[in-house]
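Below you'll find the structure, written out as structure tokens, and then a few comments.
No lab work stands behind these numbers, since they all come straight from the coordinates. Keep in mind the model is a prediction, meaning the values are calculated, not measured. For neighbour counting, all protein chains shown are included, and Cβ atoms are generated from backbone atoms with ideal geometry for every residue, glycine included.
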Amino acid sequence: MKGALADRQLSFLALTNVAVLLAAVLLTGSGFIDLYNLQSMASQVPELGLLALGVMLAMLSGNGGIDLSGIALANLSGVVAYLVLRDTVSADDAPLVFTWSFAGIALAVGLAGGVLNGILVSHAGLTPIIATLGTQLFFTGIAVALTNGSAQTLGYVEPLDDFGNTPVLGVPQCFALFILIALLLGIVLRFSGFGIRLRLLGSNPKAAHYAGIPRRRMLFLTYTACGVLASVAGIVIAARTSSVKWDYGSSYVLIAILIAVMAGVRPEGGYGRVICVILSATALQMLSSLFNFMDISNFFRDFAWGVLLLLFLAASQIDLRAWIAPRH
């Protein structure tokens, strides 16, 4: 019974994925499970999934941890990388150099943004939601100033476009990278000293203090990692859309939090499973694609995400074991 209760979130999310898939087939026909549509959905999962992994890390650290700046930093990473390379590296003459340079610069921007968040939360002592809300506006403001508020078109850069849109052995390359990053993160959180200390810090800060866990350093590293994950999402976005802009994914903050909460990540800290985040992200992506197939308005979609988030936040406060456990 205890084992079943421990894995109920995983089982619930697996069943949710199956239920959404079956409902989509019943409502829209077999076209929904066409190989092209499945690949299209898979290529859209990474950008949200990576942001959700960042939210999960911040939540694990406890103390009301959250990162609201993810999509803003992702967009800024892409904008800065493109503007730096636009007049220095020719995408037509050296597409591979352009692609790797783009990725390197974007990662550097994400690292810098993560370091800023980490300093504000760990050393300045700001509440995470306030700190990352402030940096969200800061990152967005820089991106707007650099682009004058307009989208920047990368054009066709073959290696970058292939990464975002071309499957290898039937699997989109960006989705494969997302799964690899998620796997590595899962191993780190479960088996490394960092992961064990982060969980203890989130679940019992007092015990973590007496155990000698360096709280400031842990928070700094956690939010820095969130920034790097955001920049990888920015690379994926640029590769998929062949453009960068400051306001891409305006509702992604809400959706990333929803994915994390649906995955069973505790907002108060200390618990979260990477596999559940992956399943949560795939379920929401299939639901979003179903809305597209049914021509449902984006306004209703945002409303649906908000309702789902409120429902799962409420459900996270209910202990099902009190109802399932045998009464004496």
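Per residue, the average separation of C-alpha pairs within less than 8 Å and at least 6 apart gives segment 48-317 a relative contact order of 36 percent. Shown for Met56, Met41, Met294: other C-beta atoms within 10 Å of each C-beta, ranked fewest to most, produce the order Met294, Met41, Met56. Annotation: amide H of Ser243 within the under-5 Å range of Leu154, sequence separation 5 or more or interchain, hydrogens built in the peptide plane. Using the Karplus relation 6.51 cos²θ - 1.76 cosθ + 1.60 with θ = phi - 60°, the per-residue 3J(HN,Hα) values for segment 180-188 come to 5, 4, 4, 4, 5, 5, x, 5, 4 Hz, with x marking Gly and Pro. Sequentially through segment 148-165, phi angles give Karplus couplings (6.51, -1.76, 1.60; θ = phi - 60°) of 6, x, 10, 6, 10, 8, 7, x, 8, 10, 3, x, 5, 5, 4, 4, x, 10 Hz, Gly and Pro residues having no value and appearing as x. Based on alpha-carbon atoms, the Kirkwood radius and the radius of gyration of segment 116-164 give Rg/Rh equal to 1.22. Taking Ser289, Ser77, Ser43 in turn, the Gaussian network model of the chain (Cα-Cα springs below 10 Å) assigns the largest fluctuation to Ser289.
Each Cα pair of segment 143-283 feeds into the Kirkwood radius, which the Stokes-Einstein equation turns, at 25 °C and 0.890 mPa s, into a diffusion coefficient of 142 µm²/s. The translational diffusion coefficient of the chain, from Stokes-Einstein at 25 °C and 0.890 mPa s with a Kirkwood hydrodynamic radius over alpha carbon pairs, comes to 120 µm²/s.
Under the combined filter of DSSP loop state and at most 12 neighbouring Cβ atoms within 10 Å, segment 124-228 retains these chymotrypsin sites (Phe, Trp or Tyr not before Pro): Tyr156.
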